[in-house]
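Here is the structure we will look at, set down as structure tokens.
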Amino acid sequence: MSYILGILISVIALFLSAHFLDQKISYFYDPVAIVMVIGGTLAVTVATKPNLRLKTIIKIIIDGLDVKHRRSETVKICAAFLKGNDFAHGSNKIEEKILESGRELMQLSLSKNEIESILNLKIQVHTESTLIVSSWIRTLAKYPPAFGLAGTVLGLIHLMKSLTEGSSPSQVGVLMALALLATLYGIIMSNFVISPLGEKIKGAIDEELVNAEMALHTIMLKMDNTNLLIAQENLGQYILDKKQKVDLITSENDEAISA
């Protein structure tokens, strides 16, 4: 997964930075700073947790990390729908839910505006929880640096106390370095872990919305009895890779869809 790969790259970069500075990794370890930053962040995480089940939050995070760009697959499903062919459904994919709901609503002879309104609401409800979790995580990213700063202040207080007790210059330097580690931990946790996670989940819901919009647009095309060639041009706009062509006309595409 790209998020995990990004974390690994950041860890390697930190180790290389320490190596180039000719510093031991042990120099960057301070239990007080760790407790302050991680403990404080966890406290805020619990205090501000959305009003959702923990199981739901974990599922949203895992799904967000495992997001796949499936627009080409969605186009094939939409093509099958337009041509009246069966398509795989029953999964949790939003585009399949929208197409299946659209088919049922069309069988009830509802108007185009009524169907569009109902399906837009369905999309909104589907994405609401994910948006809440994404916003929550991105908000959490501002707290680790603050707790890191608090840890640095605690370290400076300890440093000042040691000065009054006649600490040597070398001891003062070590205490200063330890005090600054809390700020470093806060910056790393915020910018390398929490903020990218929130952005990753936000990107996942954006991709979900594109697929849902594609499915809804397909239903509208179906209700308007749109020519397949025009529908082909419409669905082709959703494909990022323009080398991939949407073909609703040839029988070869039917075989590809059924496969």
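The values are calculated or read from the model by the stated rules, or taken from the named source; none is laboratory data. Being a predicted model, the structure only gives us computed values, none of them experimental. Ideal geometry is used to build each Cβ from the backbone, glycine not excepted, and the neighbour counts take in all protein chains shown.
Considering only segment 7-21, I want to know if a residue exists there that is under 14 Å from residue 136 (Cα atoms), of a type in the set (Val, Ile, Thr) and under 20 Å from the mean Cα position of the chain (by Cα). No, segment 7-21 contains no residue that is under 14 Å from residue 136 (Cα atoms), of a type in the set (Val, Ile, Thr) and under 20 Å from the mean Cα position of the chain (by Cα).
Restricting attention to segment 10-41, the residues being closer than 24 Å to residue 204 by Cβ and modelled with pLDDT of 90 or more number 1. Hey, any hits in segment 15-34 for a residue that's at positive phi and either touching a strand residue (DSSP E or B) at 6+ places or on another chain (Cβ under 7 Å) or of a type outside the set (Asp, Glu) (or both)? Within segment 15-34, not a single residue is at positive phi and either touching a strand residue (DSSP E or B) at 6+ places or on another chain (Cβ under 7 Å) or of a type outside the set (Asp, Glu) (or both). You will find that of 88, 80, the residue that is modelled with pLDDT under 90 and crowded, with 19+ Cβ neighbours inside 10 Å is 80 and no other. Every condition in (1) surrounded by 15 or more Cβ atoms within 10 Å (Cβ to Cβ); (2) out of contact with any helix residue (DSSP H, G or I) (no Cβ under 6 Å at 6 or more places or on another chain); (3) of a type in the set (S, T, N, Q) holds for residue 48 except the one numbered (1).
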